[in-house]
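Undergrad: Could you have a look at this structure, given as C-alpha cells, before my questions?
The values are calculated or read from the model by the stated rules, or taken from the named source; none is laboratory data. Because the structure is predicted, anything quoted here is derived from the model rather than measured. To get the accessible areas, we keep the full protein, side chains included, count just its heavy atoms, and leave off ligands, DNA and RNA. Shrake-Rupley method; radii C 1.70, N 1.55, O 1.52, S 1.80 Å.
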Amino acid sequence: MSWRTRFRLRQFVRGSIWLVPVIGGIAGTLCGIAAAESGRLWTPPDGWTYSAGTAQAVLASVVAASVGLTGFVVTVGVLIVQMATGTFSARYMRIFYRDGMLKAVLAVLVGTLTFSYSLLRRVEESSVPSLGVTLAGFFLALGVLLFLVFLNRSIHRLRPVAVAALVAQAGRRSFEETLAEAAKPDAVVFLPHAYRPAAPPALIVPSVRAGAVQAMDYGNLARFAHDAGCLVVVLPTVGDFVPAGAALFEVYGGRGVDDGAAETLRSTMVLGVERTIEQDPAFAIRVMVDIAIRALSPAVNDPTTAVQVLDHLGDMLRLLGATPVPPPLASADVPSQGVVLRTRRWDDVVELSFTEIRQYGGSSVQVVRRLRALLEDLRGRVLPERREAVEDELARLDATIATHWSDTIDLDRARTADGQGIGGPSSRRSAG
C-alpha cells in the first residue's frame, strides 16, 4: 500500500461518521449471538433470570429506545453543524465530524440495537438468554451516559473561545509533527521563494486532477531524488489549490527519468477537495482568523469574541515564533541533487494572523488594545531574526489606529496595550 493510499485511508477513517457505528453494529450482532449461546452453557442466579415474556418486553423496549436515541443524537449533531457553520467557520466542521465521542455514542447505540435484536430472535419459552437481557440494559444505560457526555461537551464547544482552543491545539500538534517530519530527510531544502535552475527541466509532472494539496511524503521524495540522482523542485506548497494540468514537479538532471517517474512523484502528493490541518499549521490560523473576523462583522458585532480568539492565536504564534527551524538557503546554495520545496516565511504567518483582524477590528478599542498587547508580547518572545516582522505589524497597527481614532477623544486609550482588550491592568504608555 502506497503512502498516498495510506494517508487517504487514514483521512477517510478519521472523517467518516458512519464507519465506527457500522463496526459497532456488527460487533453488537456477534456479541448477541455469543450471549444467546452462553445461556446454554451457564445458568445465572435466580435473581438474574427472566421469563420469556419479560425478556421479550425488555429487549423490545431496548430496541425502541436505541432507535430513538440514535435519531436524537443525529438531530443534535445536525443542529450543532448548523449553528457552528453560521457562527464560526465552515472550515471548523472538519474538526467536528472527527469527534471520537460522537462516533462512540453512535457505535454504542447501534451496537445495543443489533445486540438486542439478535437476542430477541432467540427468546423461547424453553430458552431465555437472561445474561444477554441484563447486558442489553447495561449497554443502553452506557449509551445514555455517553450521550449526556457528548451533549455536555458539544454545548460547551459551541462557544467560540472553545472552538478557538481546539483549532489552536490542532495547529500546534500539526506544526510539531510537520517539523519532525521535515527534519527526517537530509535531501530536502526549504526556500522562501520559488526556485528554478537555469537549465531546462528534464521532466515536468502535471496534475491529473484539480484539488488542494493536503500533504506530501517528504521521505519518498528525498529517496526518489537520491536514487535518480536528480533535483526535484516542488512547485505548489501544502495548502495551495492546484488546477488540473498544472505543474506539480520539475525534475532537473538525473538518470532514468521517464513517465514511470512522473507517477512515482504524483504518489508523494495528496490532493483533496479542501485543505487539512495535517502538515498545514497555517490552516489552523486561517480558521481562527475566520472566527475572529466573523465576530467583527457588522451583523455579529462581537469584538469580545475576537479578543478571546486572539488569546489562542497568540499562544500558537509564540510557539511558531520561538521555535528554531533550519534557515532557508539562498538559491546559490541549493545542491544539484535533492528536493526543493517553497515554504512560508515568518512574515507570511504574521501577515495571515493579523492583517484581516486589524482591518475589520480597527474601529474597536478593545481589539486594537489586545492586538498591541499581543504584538508587544510576541516582540519579546520570538527569535531575534523574526522581530522585524512583528515591529512592522506594530507600525501598521499604529497607522490603523491613526486612521480610525486620530480625531476622537479615545486616541490615547486606543494606543494602550491591554491583555484583556479593555478592563485589564493596561499600560498607559503611548505607542506613538
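Undergrad: Out of residues 5 or more away from VAL188 or on other chains, whose amide H comes under 5 Å of its own, with H placed 1.01 Å from N in the peptide plane?
TA: Sorted by chain and number, the residues that satisfy this are VAL339.
Undergrad: Let me ask something additional. Karplus couplings for region 58-64 from phi (6.51 cos²θ - 1.76 cosθ + 1.60, θ = phi - 60°), rounded to Hz, Gly and Pro as x?
TA: 5, 5, 5, 5, 5, 4, 5
Undergrad: Given a 1.4 Å probe and heavy atoms of the protein chains only, how would you sort TYR195, TYR50, largest accessible area at the top?
TA: TYR50, TYR195
Undergrad: At 1.4 Å probe size, with no ligands or nucleic acids counted, give the accessible surface of ARG396 in Å², nearest ten.
TA: Number for this one is 120 Å².
Undergrad: For TRP18, what accessible area in Å² do you get when you roll a 1.4 Å probe over the heavy atoms of the protein chains, rounding to the nearest 10?
TA: TRP18 exposes around 140 Å² with every protein chain in place.
Undergrad: 5 Å is the cut-off here: which amide hydrogens, built 1.01 Å from N in the peptide plane, fall below it relative to LEU248, excluding neighbours closer than 5 in sequence?
TA: Correct list: VAL205, SER207.
Undergrad: Separate question: If SER51, SER364, SER66 are ordered by their accessible area, calculated over protein heavy atoms with a 1.4 Å probe, which sequence runs from highest to lowest?
TA: From most exposed to least exposed: SER51, SER364, SER66.
Undergrad: Can I ask one more? When all protein chains stay in place, what accessible area (Å², nearest 10, 1.4 Å probe) is found for MET1?
TA: Probe radius 1.4 Å; accessible area of MET1 about 150 Å².
Undergrad: Let me ask you something else. Anyone know which of PHE12, PHE249, PHE175 comes out most mobile in the 10 Å Cα GNM of the chain?
TA: Top of the fluctuation ranking is PHE12.
Undergrad: Report, in degrees rounded to the nearest 10, the 0 to 90 angle that the Cα long axis of helix 100-120 makes with the longest principal axis of the chain.
TA: Helix 100-120 and the main axis of the chain meet at about 20 degrees.
Undergrad: Sticking with this one: For MET93, MET83, write out the residues from largest to smallest accessible area, computed with a 1.4 angstrom probe and no ligands counted.
TA: So the residues, ranked largest to smallest area, are MET83, MET93.
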